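Trainee: Structure in structure tokens, see below.
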Amino acid sequence: IFADNALAKAIAATFARRKTGIPEQPPDALTPAFAGDPAKQQQWTAFLQGIETDLLPLADVVADLAAFVMPHAQAARAIQG
């Protein structure tokens, strides 16, 4: 999807510019605990209703995002050295 590690390079550049380390673990918003939080589920449901789309389980979206982002974050850590 991203040629030449473009996303990993962008992540590395963003964290370098902010002078922060790239996390080794998923951020809170990409964890099962976040997805299982009833308040977050309620917010997610309200958001989906507001954009008039099919209801997607928050847990599925969070898991898919984590599975997509974290390998690029790992590659970004390697770029930063």
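The values are calculated or read from the model by the stated rules, or taken from the named source; none is laboratory data. It should be emphasised that the depicted structure is a prediction, and the values quoted were computed from it without experimental measurement. Counting neighbours? That spans all protein chains shown, and the Cβs are built from the backbone with ideal geometry, glycine included.
Trainee: Among the numbered criteria (1) under 10 Å from the mean Cα position of the chain (by Cα); (2) surrounded by 14 or more Cβ atoms within 10 Å (Cβ to Cβ); (3) part of a helix (DSSP H, G or I); (4) not β-branched (Val, Ile, Thr), which single criterion is violated by Phe68?
Mentor: Looking at each condition in turn, Phe68 falls short on (2).
Trainee: Keeping to segment 1-20, report how many residues are among the β-branched types (Val, Ile, Thr) and either in a loop (DSSP other than H, G, I, E, B) or farther than 22 Å from His72 by Cβ (or both). Outline the logic, then answer.
Mentor: At the first step, the residues of segment 1-20 found to be among the β-branched types (Val, Ile, Thr) are 1, 11, 14, 20.
Now restrict to residues that are either in a loop (DSSP other than H, G, I, E, B) or farther than 22 Å from His72 by Cβ (or both): 1, 20.
The number of residues fulfilling the criteria is 2.
Trainee: If you don't mind, another one. Within the set of pairs 6 or more residues apart or between chains, which connect a residue that is in contact (Cβ under 8 Å) with a residue 60 or more places away in the chain inside segment 68-81 to a residue that is part of a helix (DSSP H, G or I) and of a type in the set (Lys, Arg) with Cβ atoms less than 7 Å apart?
Mentor: Ile79/Lys9
Trainee: Here are some conditions: (1) of a type in the set (A, V, I, L, M, F, W, C); (2) modelled with pLDDT of 95 or more; (3) in contact with a Ser or Thr (Cβ under 9 Å, 6 or more places away or on another chain); (4) loosely packed, with under 12 Cβ neighbours inside 10 Å. Leu55 meets all but one. Which one does it not meet?
Mentor: (2)
Trainee: Continuing with the same structure: Which one is farthest from the chain's Cα centre (by Cα) among residues in segment 21-49 that are within 16 Å of Gln74 (Cβ to Cβ) and of a type outside the set (A, V, I, L, M)? Quick ask: steps written out before the conclusion?
Mentor: So in segment 21-49, the residues within 16 Å of Gln74 (Cβ to Cβ) come out as 21-27, 30.
Within this subset, residues satisfying the condition of being of a type outside the set (A, V, I, L, M) are 21, 23-27.
Values: Gly21: 16, Pro23: 11, Glu24: 13, Gln25: 11, Pro26: 7, Pro27: 7 Å.
Looking at the filtered set, the residue picked out is Gly21.
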